[in-house]
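The values are calculated or read from the model by the stated rules, or taken from the named source; none is laboratory data. Treat the numbers as computed from the prediction; the structure is a model and nothing was measured. Ideal geometry is used to build each Cβ from the backbone, glycine not excepted, and the neighbour counts take in all protein chains shown. Accessible surface areas use protein heavy atoms only, side chains included; no ligands, DNA or RNA. Shrake-Rupley method; radii C 1.70, N 1.55, O 1.52, S 1.80 Å.
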Amino acid sequence: MEDEAFTDISGKPISLDCQSHSSFCREFIISSPKVSMGKVMVYTCSVWLLAYAVFCFTQNTAVLSGAILVTLVGMMLHIHFVKVDHESLLVIGSLGIQVSSSYASGCEITTFIEMSKIKDIVINEAIYMHQIIYYLCVLLKDPSEPDAVSSVVPLFQSSKPRLNCLVKVYKSCQEILSKCQ
């Protein structure tokens, strides 16, 4: 895919990398910017200055210790559970779809959906914070009714790409799905 500038729903830049492993296998990787050290320093300094101001009035050292502990634990939690470096979607026509999220800490969560359970991949719309957003999702078949949808699995939940990025991924996924049916 050609290099095109993509953004998330907040206007922050993201990148889309499409790797075609074969005509039945493609991988889409959406990457977010790395953790900004400037922002980390600003938040840390702000909390520590506030704690120091409180310490000056109260002369209680527990305030300083608490501020240090809170910022360190907060940064660790943010890096391990919140900040996603990249999300990937691997579509293998004969097997299924693998969805992965890689966090800034190096932790990776992967889910696999068998092709026999997939009804379709669609672009859906939702209302989010007073705006309409679009998201890519996998529709899963209902085992009891072949024409019904049992559940919806949203893709790229952390990166939240805009419609122009989703359309590129959608068209490529539909191309693979159409070859398998």
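³J(HN,Hα) across region 53-68 via Karplus (A = 6.51, B = -1.76, C = 1.60, θ = phi - 60°), whole Hz, x for Gly/Pro?
Per residue, the Karplus-derived 3J(HN,Hα) values read 5, 5, 4, 4, 7, 9, 6, 10, 6, 5, 5, 5, 4, x, 5, 5 Hz.
Using helices alone, I'd like the mean residue ellipticity at 222 nm for the chain: each DSSP H run of four-plus residues gives -39500 (n - 2.57), total over residue count, nearest 500.
Taken over the chain, the calculation gives -11000 deg cm²/dmol.
Report the paramagnetic label zone for D142: residues of region 92-121 whose backbone N is under 18 Å from a point 7 Å from Cα along the Cα-to-Cβ axis.
Counting backbone N atoms under 18 Å from the label point, the list is 117-121.
Provide the convex hull volume over Cα atoms per residue for region 114-156, in Å³.
Dividing the Cα hull volume of region 114-156 by its residue count gives 72 Å³.
State the percentage of accessible surface on the chain attributable to carbon and sulfur atoms; use a 1.4 Å probe and exclude ligands, DNA and RNA. Working shown, then result.
Numbers: 6810 of 11150 Å².
Reported share for carbon and sulfur atoms: 61 percent.
Averaging sequence separations of C-alpha pairs under 8 Å and six or more residues apart, then dividing by the length of region 46-181, give the relative contact order as a whole percent. Working shown, then result.
On the way: 192 pairs, mean separation 22.2, N = 136.
Relative CO of region 46-181 lands at 16 percent.
Ranked by accessible surface with a 1.4 Å probe, highest first, in what order do L16, L177, L163, L95 come?
Correct descending sequence by accessible area is L95, L163, L16, L177.
My understanding is that a pair violates if its Cα-Cα distance is over 31 Å; which of K39/K160; K83/K179; K12/K141; K39/K117; K34/K171 do that in this structure?
Too far apart for the 31 Å limit: K83/K179; K12/K141; K39/K117.
Residues with amide H under 5 Å of S158's amide H, sequence separation 5 or more or different chain, H placed in the peptide plane at 1.01 Å from N; which?
none
Students sometimes get this wrong: rank S144, S100 by accessible area, probe 1.4 Å, all chains present, largest first.
Result of the area sort, largest leading: S144, S100.
What do you reckon, how do E108, E27 stack up by accessible area (1.4 Å probe), largest on top?
E108, E27
When ligands, DNA and RNA are left out and all protein chains stay put, how many square angstrom of accessible area per residue does the chain have with a 1.4 Å probe?
Ligands and nucleic acids excluded, the figure is 62 Å² per residue.
Rounded, prolate or oblate: which fits region 75-157 when a ≥ b ≥ c are the square roots of the eigenvalues of the alpha-carbon gyration tensor, with rounded for a/c under 1.5 and prolate only if a/b beats b/c?
oblate
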